[in-house]
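The values are calculated or read from the model by the stated rules, or taken from the named source; none is laboratory data. Please read these numbers as outputs of a predicted model, since none were measured by experiment. Glycine also receives a Cβ, built like all others from the backbone with ideal geometry; neighbour counts cover every protein chain displayed.
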Amino acid sequence: MNDLWSPLAARAGITLSPEQDAQLSRYLDLLFEANARMNLTRITDRAAAEVQHVGDALTLLPFLPSQAGVFRPRLADVGSGGGVPGIPLAIARPDLSVLLIESTKKKAAFLKQAIESLNLSNVSVSEWRAEDVARSNNRESFDIVTARAVATLDFLAEWCLPLAKKGGKFLAMKGPKIAEELPAAKRAIKLAGGGEPVIHSVDLPGTEHRVIVEIPKIARSDPKLPRPATQAKGRPLE
């Protein structure tokens with residue numbers, strides 16, 4: 001059993017089984033194998049990936065809905081890339097229904113292959129852009145929306161909050177620049193139906209300053225959001 005993953009899961013009251021630990025390890029195997037063919041991660045050291053990919057993803061566990069409920073919580077991972085945090089969360093919380101949103105075809109193909117190899121029946125992949133998913137029947141239907149290393153918070157709020165249902169939340173995984181990004185994101189958060197952001201420091205060994213920005217969904221998103229990609233490209237909300 002991994003010396004880091006189990007304690008991180010335990011923070012959320014979760015005991016990882018040996019099978020789940022093996023699945024998380026196998027996921028990294030698949031990620032590194034595919035990374036030799038395409039750009040999925042800049043981290044090529046196995047020990048670093050155990051911390052900065054799987055460990056980082058598991059820091060979100062305390063902010064997910066309780067397992068005590070009778071319903072299956074829905075989670076959308078926007079700009080999933082190589083599958084972090086969506087795949088590790090799906091392994092640690094098999095009761096979740098996870099949608100990995102990744103519009104780059106090669107990355108989406110890897111995600112589908114990884115899901116099949118890991119036998120994850122609770123995960124699916126969308127090759128649409130987040131803006132298009134948020135204008136489909138998936139709009140305002142997710143309990144949790146996550147994003148890591150995708151964009152600045154103003155754009156993330158516009159893309160992610162319309163996916164979250166009222167009473168749900170958006171969890172943005174961020175670094176030290178969050179102090180600069182928060183003021184610029186204020187308008188987008190409000191228009192997209194978000195409440196006051198709460199910043200949680202992440203205690204993860206061997207990593208730079210990282211935080212989880214928790215934004216509750218308190219109202220319906222403005223119907224004009226998110227803007228089409230062609231209209232919004234490089235242009236923050238005014």
Could you check, for segment 41-49, whether at least one of its residues is touching a Ser or Thr at 6+ places or on another chain (Cβ under 9 Å) and among the β-branched types (Val, Ile, Thr)? no
Scan segment 167-181 and give yes if some residue there is more than 27 Å from residue 82 (Cβ to Cβ), touching a residue at least 24 places away in the same chain (Cβ under 8 Å) and not charged (D, E, K, R), otherwise no. yes
Any residue that is farther than 25 Å from residue 160 by Cα and of a type in the set (Lys, Arg) - is there at least one of those in segment 39-46? yes
Segment 42-64, subset part of a loop (DSSP other than H, G, I, E, B) and modelled with pLDDT of 95 or more, residue nearest to residue 172 (Cα to Cα): 60
Would you check if there is a residue in segment 82-92 being surrounded by fewer than 20 Cβ atoms within 10 Å (Cβ to Cβ) and either within 27 Å of residue 192 (Cα to Cα) or not basic (Lys, Arg) (or both)? no
The lone exception for residue 206 - which of (1) touching a residue at least 60 places away in the same chain (Cβ under 8 Å); (2) closer than 18 Å to residue 146 by Cα it fails: (2)
Would you pick out the residues in segment 219-238 that are more than 13 Å from residue 129 (Cβ to Cβ) and either surrounded by fewer than 16 Cβ atoms within 10 Å (Cβ to Cβ) or not hydroxyl-bearing (Ser, Thr, Tyr) (or both)? 219, 220, 222, 223, 224, 225, 234, 235, 236, 237, 238
Among the listed residues 164, 192, identify the single one that is touching a Cys at 6+ places or on another chain (Cβ under 9 Å), farther than 25 Å from residue 5 by Cβ and modelled with pLDDT of 95 or more. 192
